[in-house]
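As structure tokens, the structure follows; a few thoughts come after it.
The values are calculated or read from the model by the stated rules, or taken from the named source; none is laboratory data. What you see is a predicted model; the values in this text were computed from it and never measured. Every residue, glycine as well, gets a Cβ built from its backbone with ideal geometry; the counts of neighbours run over all protein chains shown. Only protein heavy atoms, including side chains, enter the accessible area calculation; ligands, DNA and RNA are left aside. Shrake-Rupley method; radii C 1.70, N 1.55, O 1.52, S 1.80 Å.
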Amino acid sequence: LTPSHRWSAACPVRGFSTEDCNMKVARLTPGVQWIGLKNIVVMAEVQPRHKMDVEWVSQLEGHLIEGTQFPPARVTQLPDGRLLLTTGNHRRGAHLSHGDTDMLCNVMDGTIEDAIAYAAGSNKGKGPMPMGPKDVSRAIEMLLGLEKWWIKSNAIIGRHAGCCSTKVATIRCRLSETLGRPIPDKLQSEDGSLIAYRTRRRNSSDLPAIHF
């Protein structure tokens, strides 16, 4: 299954062609299992890394040569049965380079929106390959592109993506101006209540200094 990365009238899911949508895919039982690499769909919209790190893929391939077994990658099984790679794209690259035909995955049922939200918060913290500033910005943009996350507070999004709320506020403001999408007067807090969204600017040309 190969993503086409275009919209199709017959397929409301971005990344799949009409031909792909007409294919019948047997559903898998959720859980950890080996999955054929050719059956895993990779969509750019679900990948928070702004680019693949070729050197890191090479290092991972070296571990495979040594016999290392990686932890399972996260795969989201869509309602139509397609398997969407949610985490582990570099591991997938290493397996392909190593000549493998399958990889260990943890299959979870969900939607594309679920996959995007999970992926955006999956690489925060101090891992073997921490997120860079461009990666974090991309993760925030992924979240703000989802209707249910657009109305969440900057603090919630910041904690999920692993950054401060000010960075989220700046990107939210830029997206609002670029896309012509107004920012809600109130945003959803941790407890589900709505809080007023306030902005303070030093002058009209400045980006927001404070957002709540």
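Numbers at a glance
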item	result
Every residue from region 80-91 that is touching a strand residue (DSSP E or B) at 6+ places or on another chain (Cβ under 6 Å) and either open to solvent by 20 Å² or more (accessible area, probe 1.4 Å) or polar (S, T, N, Q) (or both)	T86, T87, R91
Region 61-70: number of residues that are open to solvent by 70 Å² or more (accessible area, probe 1.4 Å), assigned to a loop (DSSP other than H, G, I, E, B) and touching a residue at least 12 places away in the same chain (Cβ under 8 Å)	1
T2 vs. criteria open to solvent by 50 Å² or more (accessible area, probe 1.4 Å), at pLDDT below 95 and among the hydroxyl-bearing types (S, T, Y)	yes
Failed condition for T68, given (1) closer than 30 Å to N154 by Cα; (2) out of contact with any Ser or Thr (no Cβ under 8 Å at 6 or more places or on another chain)	(1)
Count of region 5-60 residues which are open to solvent by 30 Å² or more (accessible area, probe 1.4 Å), at pLDDT 90 or above and either in contact with a Phe, Trp or Tyr (Cβ under 7 Å, 6 or more places away or on another chain) or in a helix (DSSP H, G or I) (or both)	9
Filter result (part of a helix (DSSP H, G or I), basic (K, R) and either touching an Asp or Glu at 6+ places or on another chain (Cβ under 7 Å) or more than 18 Å from H50 (Cβ to Cβ) (or both)) within region 131-161	K148, R159
Region 172-199, residues that are open to solvent by 40 Å² or more (accessible area, probe 1.4 Å) and of a type in the set (K, R)	R174, R181, K186, R198
Meets criteria (open to solvent by less than 20 Å² (accessible area, probe 1.4 Å) and assigned to a strand (DSSP E or B)) for V168	no
Given (1) open to solvent by less than 30 Å² (accessible area, probe 1.4 Å); (2) modelled with pLDDT under 95, number of the condition A73 does not satisfy	(2)
In region 92-144, the residues that are among the acidic types (D, E) and surrounded by 18 or more Cβ atoms within 10 Å (Cβ to Cβ)	D135
